[in-house]
1. Any residue at all in region 55-66 that's more than 9 Å from the ligand (Cβ to nearest atom) and under 20 Å from the mean Cα position of the chain (by Cα)?
2. For residues that are within 16 Å of the ligand (Cβ to nearest atom) and within 13 Å of Val126 (Cα to Cα), tally how many sit in region 1-22.
3. When you scan region 23-36, how many residues do you find that are away from the ligand (no atom under 14 Å from the Cβ) and hydrophobic (A, V, I, L, M, F, W, C)?
4. Could you grab me the full set of residues in region 37-54 that are within 10 Å of the ligand (Cβ to nearest atom) and touching a residue at least 12 places away in the same chain (Cβ under 8 Å)?
5. Could you name every one of the helices (runs of 4 or more DSSP H) located completely within region 213-312 that has at least 3 residues being crowded, with 17+ Cβ neighbours inside 10 Å and under 26 Å from the mean Cα position of the chain (by Cα)?
6. Can you tell me how many residues within region 157-203 are under 25 Å from Leu224 (Cβ atoms), open to solvent by less than 50 Å² (accessible area, probe 1.4 Å) and either among the polar types (S, T, N, Q) or outside any helix (DSSP H, G or I) (or both)?
7. Taking the residues in region 138-156 that are open to solvent by 50 Å² or more (accessible area, probe 1.4 Å) and outside any loop (DSSP other than H, G, I, E, B) as candidates, determine which candidate is farthest from His108 (Cα to Cα).
8. Among the residues of region 277-307, which ones are in contact (Cβ under 8 Å) with a residue 12 or more places away in the chain and small (Gly, Ala, Ser)?
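The values are calculated or read from the model by the stated rules, or taken from the named source; none is laboratory data. Model, not experiment: these values are computed from the prediction. For neighbour counting, all protein chains shown are included, and Cβ atoms are generated from backbone atoms with ideal geometry for every residue, glycine included. For the accessible areas, the whole protein counts, side chains as well, though only heavy atoms, and no ligand, DNA or RNA atoms are used. Shrake-Rupley method; radii C 1.70, N 1.55, O 1.52, S 1.80 Å.
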Amino acid sequence: MLKRAIENKKVVNSYLFLGNEGIGKKQVALQFAKALNCLKEERVDACDHCLSCKKIDRAFHPDVLLIEPIGQGIKKEQVTQMQRELAYKPYEGKRRVCILTAADRMAHDIPNTLLKTLEEPPLHTVIILLANNSRFILPTILSRCQPIRFNPLPISLVSKWLMESKGLEETEAHLLASLSDGSPGKALEIQEEIRQIPREELLKDWVGLKSLSFEKMGSWVESLPSQRENLLLMLEVAKTLLRDLVIVKTLKKEPKLIHSDLLQVMEPLAANWSLSSLLNRMEILHHTALAIKGNANTSLALEAMMLSWAEG
Ligand SMILES: [Zn+2]
């Protein structure tokens, strides 16, 4: 879409890139800035070799401004500083490109300031706002930008990228990709944490175990991470373990598992279960994760989950 805009000379003044964290919005915005300023003529893409492309790659092109949040979000001074720069013509590039990451996390007094710039865009300037969620952006800002949606990537693509660009083994790449929500950045971010999770133990002694003693349940709840985000990731892993058990239970031949390294452990466990109780346990887990995401008290939510698990 962006290449076509360059080709047809239809590049607009402001874009809004929308999509999950780590999905590649910033990379695409920088690549677009390179393509707009590339010194090789007749290209709708960046050559990656000219002086301009190299400067943008090394983050010292004077006409490409990357504004990233300081602390909790973007500060007003950052935006007013940007606006001061915009008063001048680009120094050396064909177009000035301002990339405002985290446009959904701006201080509350910024949108009105920013709106003025979006309403009267300076010449030779492209402003790109990046956001995970359009819900936190004022409609007046939204209406001034051309939205470009970044959809989650297929698991196979994330997995391929992890193997080819990051040198990961297939099993780990597939596991991380499956838990990444289609975001390569998230896959990398959770890598260390996933390595720390004792998946086999989790499966054998907890999620895959049919009869749980109350004592054991209590000790599991206590051993779970206290930080909400880590806990949610752990629950997500537990969910994929249950999902794999369902697959092992239903597809006898060469099941395609997320935790393919645990197939041997899963087979005897799956035999103990009925499909409906597995699905039931999965659903309870899913609702617990949703409740915790929605800020429910974590220990209460977990205890309720364990009780429902014990019942059915
Ligand atoms: Zn170039």
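1. For region 55-66, residues more than 9 Å from the ligand (Cβ to nearest atom) and under 20 Å from the mean Cα position of the chain (by Cα): present.
2. Of the residues in that region, 2 qualify.
3. 3
4. Asn37, Cys38, Leu39, Asp45, Ala46, Asp48, Cys50, Leu51, Ser52, Cys53
5. 228-250, 275-293, 298-311
6. Number of matching residues: 7.
7. It comes out as Ser156.
8. Once the filter is applied, which keeps residues that are in contact (Cβ under 8 Å) with a residue 12 or more places away in the chain and small (Gly, Ala, Ser), region 277-307 yields Ser277, Ala289, Ser299, Ala301, Ala304.
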